[in-house]
Amino acid sequence: MSNLNNMNILNKEKILELAKAFIDEGRLDKAIREYEKILLADPSDLRVKLRVAELHTKRKNVVEAIKLYKEVSSAYEDEGFFLKAVTVNKNILRLNPSLIEINEHLASLYERMGLIADAVRQYGILASALDSKGMAERALEIRAKIVGLVPEDGTARIRLAELYQREGRADEAIDQYEEYARQLEKKGGDKARLADLLEKIMSHRPERSDLLKKLIEIYSELNDRKKVIRWLEAGGDVVDTDPKMLRLMAEIYVFQNQNETARSKYIALAELHKERDEIDDALDAYQQILVILPDEEDRVEGPVEELRAGALKDIARKAHLRRQELEKEADEGVLAEDRQEKEIPEDKDIQENLPKAAAAQIEKVIEEESLTEISEDELPVDEDTISRNLKSAEASFDLGSAYKKMGLSDESKAEFIKAKDMYESLLDSVGDNDVVEGRLKLIYNELGVKPTKKEMNAPPLKREPTSKRDDLKYDLPSTDTKKTSEVQQKPKKKKISFV
């Protein structure tokens, strides 16, 4: 028996040498036949079997090559050599990528090895292949398996949901969308993506008022008013019985200049608060009507006085103040847009954004042209409006002076006109005031207009030729030296705060 084994070993070596010689000569068929002699005697010789599979591959004998590769892969798996089995299965897929069972087998090998990312990728290839072959149920099984492997992977869950939806299994699709939405919300993820998911869910489950409110809240955060109003209008009783939603709806209609529609919503809001015995909130709703429609006092008087006797006068006053604030904000917004269009820095940031030389010049101009500080002691401040107008006038005067020194004549004139109107309004409110009148003298001379209250003669602000911002070389404006000296001797007082 021993001699026979020795003889077999000697014969195997000779066969291997002969097969190699045939390969070198390019006679692959003869090489294959020699290798098959060895396999006939020893089918477990995996190295020879792989060599034969490779030769069949070179000969384009795909079926024979795949058959041998499968045998080798199975043997490797039995021995626990999963990595080698993976390599062999990849060789098979190079010959025929569409083999469903090999793709699935390779994915399962990755899974058994704990290579989850590789397994998921391979299962994804498999699912797409199954879907393309019209095998939707099997594709769903694989997509569900992927979600099981990576439950936090939103893309995997969305693909499963979309496949459910396409196959008419809407409830299962929505379950997946809802789970992904919960995950996104928990992680504080993409708000737009979350809103898109909630819309998908709401299209199938419109009764979910909790999701409706969440969707409206998200679109409000995203400042997407069109989407907000769309879902508010679709909300029905959910919105009509929720003060927060109803107020939001009214505010958006105001923004869209649909004041009559906004009015109806504020009335509904007031009634809702009244039913809940929330009197202050109900009055506030009527106040908002007077902000947008100041001529509505007669129409709201009855319900307002019914809520609280004598309340109309108070809410009308507050509405008037609020309307003034909104008008001021609108004016400032227009001015800001104009400055941006002309690339003029904001006044509060002007020193930061201009070249250093220009910034220093502006600081000097504002400091020296401010003849005095108008203080709380010099003007009676019984109303918030007077305080706001005072600060606005001072700001416009300083900015007009700065623009003049920069050579920006149009901008300078616009600011002086604004300051003039506000100073004149202040005089109408508080009576004579030397400091305000001094400001107006300078502005009248600068603008070349006649005083509206009394003759005011003051030296004009010295007008210099325009220049580029990076070449500011101006003299300070001429003023009455004696008066300036007297003013400078007064202790400076804190300006009125409007914050």
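So which of 128, 132 is surrounded by fewer than 14 Cβ atoms within 10 Å (Cβ to Cβ) and of a type in the set (S, T, N, Q)? Sole residue among the options that is surrounded by fewer than 14 Cβ atoms within 10 Å (Cβ to Cβ) and of a type in the set (S, T, N, Q): 132. The set of residues from the range 286-344 being crowded, with 17+ Cβ neighbours inside 10 Å and not in a helix (DSSP H, G or I) comprises 293, 344. Scanning the range 248-291 for residues that are in contact (Cβ under 8 Å) with a residue 12 or more places away in the chain and β-branched (Val, Ile, Thr) turns up 252, 254, 267, 279, 289, 291. Residues considered: 363, 376. Of these, the only one that is modelled with pLDDT under 65, under 19 Å from residue 409 (Cα atoms) and surrounded by 12 or more Cβ atoms within 10 Å (Cβ to Cβ) is 363. Do we have any residue at all in the range 263-278 that's surrounded by fewer than 17 Cβ atoms within 10 Å (Cβ to Cβ), hydroxyl-bearing (Ser, Thr, Tyr) and part of a helix (DSSP H, G or I)? Checked the range 263-278: at least one residue is surrounded by fewer than 17 Cβ atoms within 10 Å (Cβ to Cβ), hydroxyl-bearing (Ser, Thr, Tyr) and part of a helix (DSSP H, G or I).
Can you confirm whether residue 201 is of a type in the set (Val, Ile, Thr), in a helix (DSSP H, G or I) and within 20 Å of the chain's Cα centre (by Cα)? Judged against the criteria, residue 201 is not a match. Filtered by the rule that a residue be within 20 Å of residue 155 (Cα to Cα), surrounded by fewer than 18 Cβ atoms within 10 Å (Cβ to Cβ) and either among the charged types (D, E, K, R) or touching a His at 6+ places or on another chain (Cβ under 9 Å) (or both), the range 188-208 gives 190, 191, 193, 196, 199. Applying the selection to the range 71-109, what residues are of a type in the set (Val, Ile, Thr) and more than 27 Å from residue 135 (Cα to Cα)? Answer for the range 71-109, where residues must be of a type in the set (Val, Ile, Thr) and more than 27 Å from residue 135 (Cα to Cα): 72, 87. Say whether the condition of being touching a Phe, Trp or Tyr at 6+ places or on another chain (Cβ under 7 Å) and over 19 Å from residue 175 (Cα atoms) is met by at least one residue in the range 192-214. The answer is no, given that none of the residues of the range 192-214 is touching a Phe, Trp or Tyr at 6+ places or on another chain (Cβ under 7 Å) and over 19 Å from residue 175 (Cα atoms). Quick check on my filter: what residues within the range 232-243 are buried (at least 20 other Cβ atoms within 10 Å of the Cβ) and assigned to a helix (DSSP H, G or I)? Across the range 232-243, the qualifying residues are 232, 239. Across the range 281-340, the qualifying residues are those that are more than 30 Å from residue 400 (Cα to Cα) and among the small types (Gly, Ala, Ser), and the one among them that is nearest to the chain's Cα centre (by Cα) is 285. When 173, 181 are checked against the criterion of being touching an Asp or Glu at 6+ places or on another chain (Cβ under 9 Å) and in a helix (DSSP H, G or I), a single residue qualifies: 173.
The values are calculated or read from the model by the stated rules, or taken from the named source; none is laboratory data. The shown structure was predicted, so the numbers you read here are calculated from the model rather than taken from an experiment. Note: ideal-geometry Cβ built from the backbone for every residue, glycine included; neighbour counts use all protein chains shown.
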